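The structure under discussion appears below in the form of structure tokens.
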Amino acid sequence: MSENKRYLGELLAEFFAVAIIILFGDGVAAMYSLYDPSPYKTAYWGVCIVWGLAVTVAIYATGAVSGTHANPAVTLSLALFRGFSWKKVVPYIGAQVLGGLAGAALVYSMYVPVIDHYNAAHGLTRALDGGSAGVFFTHPGDFISVSHAFWDEAVLTGILVFGIFAVTCQYNTQAPQANSGALIIGLLVAIIGASAGYLEAWAINPARDFGPRLFCFFAGWGQAAIPAPSNYWWVPIAAPMVGGPIGAAIYQYGLRPFMPRVSLVTTASVSEALNTSEPVLVVSNPSAPASTGPVIDKVS
């Protein structure tokens, strides 16, 4: 396969990964928000599980092609700490945002009669009141200011990326193998939602929020989507891009150096009289052949 064709496949995989996540995630948000009685109002954990399993399905569907970043904060963190190519960062992020937009458009095409009925029944409009906007994009919950929302989203995304780096670390002997890692990452997303989702609907992914928000801007929500009340639209973009790399750095420098297999390789390198004044970069397991490129495991 040519390099250009492989690269195109990676971008398509990122597009489809986020589209899958939004298809199921915004779909369950519609079920939660638009129906009375809601099947999830007294079973919120079900909403969290659907979002988490959507991530798992996306990883299984696309991980072999692109590694399933499916999140600009993850892509940036991988470029900073795991050797992902910087020249691919912006195209990956573009594909992810477009995937979010496409996923939201598909959910809208299915739920538009229900959205219109809900807004009419509650005397809401899209542009003035943001009627049903919660199906597609996030906003601060009760008692949460914009500045506090930034802190929340940075912390939660840091937790997400910290967990992803731990689950996909080749030296973490307690981490699951690749086939199980997708499920654990999905459960991590669900746990974050269950423990903090009511704060701002746990965006923790700029593409997950901005892609659907951009679609809604053109689908009648207008200023309710962008710039949104209190000019909130930028928070779910900027906060994860700050928090994600911080979470990655905490893992890379706080835990990874103490993983047993890292210590093993470092000791072996010293005993072989390598120049210890320079950092020893290990890109493969000691018992495996050397990697031909950066290690980019399945992530979400």
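The values are calculated or read from the model by the stated rules, or taken from the named source; none is laboratory data. The structure displayed is predicted, hence computed values, not measured ones. Here Cβ is always computed from backbone atoms with ideal geometry, including for glycine, and neighbour counts include all displayed protein chains. The accessibility values were calculated without ligands, DNA or RNA, using every heavy atom of the protein model including side chains. Shrake-Rupley method; radii C 1.70, N 1.55, O 1.52, S 1.80 Å.
Numerical summary
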read-out	value
Lys, Arg +1 and Asp, Glu -1 on Cβ, resulting dipole of the chain about Cα centre, debye, nearest 20	500 debye
Residues of the range 58-212: accessible area per residue with a 1.4 Å probe, Å²	40 Å²
Most mobile listed residue (230, 66, 132) in the chain, GNM with C-alpha springs under 10 Å	230
Estimated inter-spin distance, residue 7 and residue 223, nm [label 7 Å along Cα→Cβ]	4.2 nm
Equivalent ellipsoid, the chain (semi-axes from 5 times Cα gyration tensor eigenvalues, Å)	38, 19, 17
Sulfur and carbon atoms: percent of accessible area, the chain [1.4 Å]	67 percent
Residue 110 versus residue 238: modelled label distance in nm, points set 7 Å from Cα along the beta carbon direction	3.5 nm
Relative contact order %, the chain, counting alpha carbon pairs below 8 Å whose residues are six or more apart	28 percent
Exposure ranking of 139, 148 by accessible area [1.4 Å probe, largest first]	139, 148
Positive minus negative residues near residue 225 (Lys, Arg vs Asp, Glu; Cβ under 13 Å)	0
Theoretical gain in end-to-end length, residue 120 to residue 65 [0.36 nm per residue, Cα-Cα removed]	15.4 nm
Computed over the range 143-243, the ratio Rg/Rh where both radii use C-alpha atoms and Rh is Kirkwood	1.06
Cα long-axis angle, helix 146-168 against the chain (0 to 90 degrees, to the nearest 10)	40 degrees
Helix axis angle, 89-121 relative to the chain longest principal axis, alpha carbon, degrees	20 degrees
